[in-house]
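> One structure follows; several queries about it will come next.
No value in this document is a laboratory result; all are computed from the given coordinates. Just so we're clear, the structure is a prediction, and the values are computed from it rather than from any experiment. Here the Cβ positions follow ideal geometry from the backbone for every residue, glycine too, while neighbour counts run over all protein chains shown.
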Amino acid sequence: MDKHQSYWKANLRLMSICLSIWFVVSFLFGIILVEPLNNFHLGGYKLGFWFAQQGSIYTFVALVFFYSYRMNKLDKKFGVHEDEEK
Amino acid sequence: MDELKLYTYIAVFGTFGLYFAIAWWARAGSTSEFYVAGGGVHPILNGMAIGADWMSAASFISMAGLIAFLGYGGSVFLMGWTGGYVLLAMLLAPYLRKYGKFTVPEFIGDRYYSNVARVVAVLCLIIASLTYVIGQMKGVGVAFSRFLEVDYGLGLGIGMFVVWVYAVLGGMKGITYTQIAQYCVLIFAYTVPAVFISLHLTGNPIPQIGLGSTLSDGSGVYLLDKLDLVVTDLGFKEYTTAKLGSTLNMFMYTLSLMIGTAGLPHVIMRFFTVPSVKGARSSAGWALIFIAALYTVAPAVGAMARLNLMNTIQPAASETLEYEQRPQWFKNWETTGLLKFEDKNGDGKIQYVADKEKNEMVKVDRDIMVLANPEIANLPNWVIALVAAGGLAAALSTAAGLLLAIASSISHDLLKGVFRPEITERTELTASRVAMTVSILIAGYLGLNPPGFAAGTVALAFGLAASSIFPALMMGIFAKSIGSKAAVAGMLAGIGITLLYIFQHEGIMFIKGTAFLGDMARNWFFGIDPKAFGAVGAFVNFGVAFAVSRIINERPPETIQKMIEDIRIPSGSPAAAIGH
């Protein structure tokens, strides 16, 4: 397998991890499991409600930066980053 | 002139002056500057511009109001309109930036080596963007007529002129730098009243924390618990658990908004303006931070506004506001017709209850919540003036981005790409400016004479983006085997099924009386709202494309395979592209 294919595989793996988290915090915690989670509290927030209106958004922000950070490392590892060639 | 009006004039025309100055400083000289700001905008600044581009009059004015009345059900907008950026950052933006062209239809046309695909994409883009612009123009007209008491049409005209000056003069470069200023205005205008109100209600200045805190009236009761109690007492659904339709509907609604967000061309094209693939990835993160700054405050604004409204009308369980005692803001909004009271039982008191027979607040327009919020909370006049300037910034920045998307697809994709490939850069630039001027005039005309479908525009724009553009782009990057016939079939099927479902409910192009199959129950497809149908359209698009691809056994040519492999890696030098 050549370098570019391994790079793409690594990208897809990272992407599926991130998108799983994306799915869990919004669709799973915020919608599907909202009722059981609402039995727990975070301050005055019911937990499921908090995920739907606050927590999911914070997680999205963290995810995008995490992905960006890890991809920059992958770019370097596989030697496909932009800077050096220009 | 009273004090409030004076402040409002200063805030509104002061910010307009700022936008003009920036536009003059950043005017565009080449097509590259006009379409993608020369590709050299710093990721943080670009993120800010995306934030302003994205947050429209709907986000600024309507969203908190929707949440105030939908409660938990309003979460679909919060998650849907932010979660889409995760998809953009991972699935589209870096690869489209690597491809390095000007417009979204251009990528689709090249990738599927088909002008048909390109034209279909242009049509989706124009319909989605134009319907969206009308909403912004209406927002501008309303803001002017409410806050400066000028005629709606004149307000609209002033708004059109302002956008025309800096969008036509500056293109993407002017728009980007103006949007950065507009972001600062709108986030400041949104946050300041929220901080005041949160401080007043809970003693905590951070609205996101205030919403989860106890009330500062000494009762020790959590704000959300109190709100649940107040609304259920009057027969409304419990605030923190009220669903929007079924769980499945909420799921599909959120998914549709996410996919639609990631597929809206005026957002995607912003990622062409950063200098690198790395920049495209981090730009998405910065954009999301700047958007989250408003979107995490919005639920607090919504809940607190609802509580304030309820407390005003019903200060205590046994005590109801006398109509004659109503506060000034109540009277102000009554004159706009957005708030209406009808004394059904003739006792001179305002009964605001869920029961339609007994409810005397016959109209409480959701859109007034953000605009009236500072007045309801008795905030100083300069805060109210600021909200007016912020609402205008939100509407203008989004309108400019949309107009650029329309103009570039007409001049670059249709004229240069399909009909007259021989025109020079200079002619193309002129054509783009003409196209933008015409689009502004059309949007202004439609804002002045809103067609019946204005209210349904968001559904249409997101439905089209979700069912056609997003799947086409995603397969273009991730599925090498999809060729032009499969892609076009997929797009047409996705658009077809989505429009069919929307129009069957709401009428063809939302014209009343043309809804067909009238004997079918509303939301007949598993209880899914037409506004939440984009995700179904996207699944159909993917399904049809893969099925057609398999049946006709189509393989894209070698050059296209190479192109896809090339966009998957950030490095652009020929040496890196070999190695296969």
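> I'd like to verify something in chain B: which complete DSSP H helices, judged by Cα projection on the helix axis, reach 20 Å or more and average at least 1.6 on the Kyte-Doolittle scale? Numbers along the way, then the final one.
Values: long enough: B:3-25 (33 Å, 1.00); B:115-147 (47 Å, 1.42); B:152-202 (47 Å, 1.32); B:247-263 (24 Å, 1.04); B:277-295 (27 Å, 1.03); B:298-313 (22 Å, 0.82); B:381-408 (41 Å, 1.80); B:425-448 (34 Å, 0.75); B:484-506 (32 Å, 1.00); B:534-552 (27 Å, 1.65).
Counting only whole DSSP H runs, the qualifying helices are B:381-408, B:534-552.
> Tell me the volume per residue, in Å³, of the convex hull enclosing the alpha carbons of chain B. All intermediate terms of the calculation are to be shown ahead of the outcome.
Numbers: hull volume 89.9 nm³, N = 580.
Per-residue hull volume (Cα only) is 155 Å³.
> Take B:Asp347 and B:Ala547, extend 7 Å from each Cα along the Cα→Cβ direction, and tell me the distance between the two endpoints in nm.
6.1
> Between B:Lys340 and A:Lys3, how high is the FRET efficiency from 1/(1 + (r/R0)^6) when r is the Cβ-Cβ distance and R₀ = 51 Å? Nearest 0.05.
Values: r = 68 Å, r/R0 = 1.33.
My answer for the efficiency is 0.15.
> What FRET efficiency comes out for B:Phe13 versus B:Lys480 if R0 is 56 angstrom and r is the Cβ-Cβ distance? Round to the nearest 0.05.
Working: r = 54 Å, r/R0 = 0.97.
E between B:Phe13 and B:Lys480, to the nearest 0.05, is 0.55.
> How do B:Tyr99, B:Tyr132, B:Tyr9 line up, fewest other C-beta atoms within 10 Å first?
Numbers: B:Tyr99 18, B:Tyr132 26, B:Tyr9 15.
So the residues, fewest neighbours to most, are B:Tyr9, B:Tyr99, B:Tyr132.
> Moving on to the next point. Positive end of the dipole of the protein assembly as shown, charges at C-beta (+1 Lys, Arg; -1 Asp, Glu), about the Cα centre: which of A:Ser20, B:Ala316, B:Ile22 has its Cα farthest in that direction?
About the Cα centre, the residue reaching furthest to the positive side is A:Ser20.
> Summing -39500 (n - 2.57) over the DSSP H runs of n ≥ 4 in chain A and dividing by its residue number, what mean residue ellipticity at 222 nm do you reach, to the nearest 500 deg cm²/dmol?
On the way: 4 runs with 51 residues, N = 86.
Calculated at 222 nm, the ellipticity per residue is -18500 deg cm²/dmol.
> Just rank B:Met90, B:Met304, fewest to most, by other beta-carbon atoms within 10 angstrom.
Starting with the residue having the fewest Cβ neighbours, the order is B:Met90, B:Met304.
> May I pose another question? About its Cα centre, how strong a charge dipole does the protein assembly as shown have in debye, to the nearest 20, once Lys and Arg get +1 and Asp and Glu get -1 at the Cβ? Working shown, then result.
Details: 48 positive and 44 negative charges, 407 e Å.
My answer is approximately 1960 debye.
> Among B:Val267, B:Val192, rank each residue by its count of other Cβ atoms within 10 Å, from fewest to most, as a rough exposure measure.
On the way: B:Val267 25, B:Val192 17.
Arranged by neighbour count, lowest to highest, B:Val267, B:Val192 become B:Val192, B:Val267.
> Next question. Using a Förster distance of 51 angstrom, determine the FRET efficiency expected from the C-beta separation of A:Lys73 and B:Leu448, and round it to 0.05. List each step's numbers first, then the result.
Working: r = 53 Å, r/R0 = 1.05.
E(calc), rounded to 0.05, equals 0.45.
> Can you list residues whose amide H is under 5 Å from A:Leu42's amide H, if they're 5+ apart or on another chain and H is modeled 1.01 Å from N?
Here A:Leu47 satisfy the definition.
> Which whole-Hz ³J(HN,Hα) couplings does region A:50-56 yield from phi under the Karplus relation 6.51 cos²θ - 1.76 cosθ + 1.60, θ = phi - 60°, glycine and proline marked x?
Using θ = phi - 60°, the values come out as 5, 4, 5, 10, 9, x, 4 Hz.
> Using label points projected 7 Å from each Cα along Cα→Cβ, tell me how many nm separate B:Asp151 and B:Thr232, to one decimal.
Taking the two extended label points, one gets 5.2 nm.
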